[in-house]
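The values are calculated or read from the model by the stated rules, or taken from the named source; none is laboratory data. Everything numeric in this text was worked out from a predicted model, so none of it was measured. Cβ sites come from the backbone with ideal geometry, for glycine too, and all protein chains shown count toward neighbours. Remember, those area values only see protein heavy atoms, side chains included, never the ligands or the DNA or RNA. Shrake-Rupley method; radii C 1.70, N 1.55, O 1.52, S 1.80 Å.
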Amino acid sequence: MPPRPPSRRTTLGPVTTNRRKSLGGNAIDDALGPGTGGGGRRKSSRPKQRMSMIPRMSGGGGGVAEGSARGPSPSRRKSMAPVPSRGVGRKSIGGGGNRRQSFAPGPPAVKADPRPLSDKTYVNSCIRNLLQYLVSSGYEYPVSHKTLVRPSGRDFKQICTFLLRRIDPSFNDGSQKFDEEVSLAFKTLGYPYPISKTALAAAGSPHTWPTLLAALTWLIELLGCYEADDDDIDDDAALLRGQQQSQEGEGEGSEGSLGTLEDLEVRSEKAFLRFLGDAYVAFLAGDDAKHASLEEALIEYFERDNNKIERDFAALTEKNSAISADIQKLLQ
């Protein structure tokens with residue numbers, strides 16, 4: 001009986017028990033060559049994938065597998081970059097929605113007028129003040145309370161021209177349109193609220209007249225401040241001339257008066273405030289000579305008042321002594 005062939009093909013080389021594990025198979029496979037595998041099965045000719053040397057995170061939440069001998073894991077390597085949550089897009093730097101916000105400044109907001117223009121009491125008060133100022137300032141056209149309740153466009157033009165010419169004599173000389181010149185004049189003077197050309201075109205209407213009346217009231221208050229300052233300057237100049245005349249005739253026994261102490265205090269305070277304004281202008285201009293002259297003038301101004309007060313005090317003291325002597329004679 002012929003001998004049976006062996007069931008397995010054995011290798012001619014010795015098989016060692018100290019098997020070194022390789023990254024792709026075992027020691028027997030290395031000995032047989034690239035065409036054989038364990039159990040007599042032929043290995044696939046598909047090239048092996050090179051394993052990454054970077055540690056991989058296990059898909060099931062286990063530990064870190066470093067250089068595993070079981071071949072590449074089916075799970076993909078996770079990125080180290082943070083992944084945004086689903087449905088959330090990139091946020092805008094401007095803090096808004098998805099649209100990019102502009103960094104350019106928007107148009108300035110129109111300042112609201114806090115005055116009660118719809119209050120009849122306030123409107124009547126403005127009419128009385130305006131009427132009083134026009135009459136006391138020599139307004140050349142006829143005017144009354146009834147006229148100012150609902151004036152015509154011509155009345156408003158005449159009143160506005162009269163008031164603004166007290167500041168600028170060349171106002172409404174025909175070089176510009178009236179509505180444009182009025183708006184520019186109020187803006188230049190510092191009126192805090194805009195005056196529209198539509199309101200100027202319908203000056204006497206119930207909807208626009210209260211706004212224009214409030215503007216005219218603001219204007220006469222500004223004119224009152226200017227005129228009061230001019231009056232103070234004229235009074236100080238007249239008083240200064242009186243003091244100089246009093247000093248010139250001092251040897252002849254002429255007497256002058258500074259008024260009450262309250263008047264003297266108010267006048268001295270105004271003189272000091274005027275000095276501060278002029279001195280600050282000289283300081284900004286770097287004019288040291290003018291600043292020094294202003295200081296000397298202020299010192300002379302106060303010294304004249306002090307000398308006059310000392311003379312008045314000496315005269316009153318002498319009169320008091322004479323009266324006391326008369327009283328003592330009567331008591332004897």
Exercise. Just reorder SER175, SER170 by solvent-accessible area, largest first, 1.4 Å probe, all chains present.
Key: SER175, SER170
Practice problem: Could you pull the Rg and Dmax for region 133-186, using just the Cα atoms, both in Å? | Solution: 11.6, 32
Self-check item: Contour minus Cα-Cα distance for ALA202 and TYR122 (0.36 nm per residue)
Solution: 26.7 nm
Exercise. Describe numerically, in nm with one decimal, the distance between label points set 7 Å from Cα along Cα→Cβ at SER293 and at ILE323.
Key: 4.6 nm
Exercise. Using DSSP to define loop residues, name the GluC sites (Glu not before Pro) in region 134-210 whose beta-carbon has at most 14 other beta-carbon atoms within 10 Å.
Key: GLU140
Quiz prompt | Exposure rank, largest accessible area first [SER118, SER321; 1.4 Å] | solution = SER118, SER321
Practice problem: Give the total of Lys-Lys pairs in region 109-224 with Cα-Cα distances below 24 Å; include a pair only if its members are 8 or more places apart or on different chains. | Solution: 12
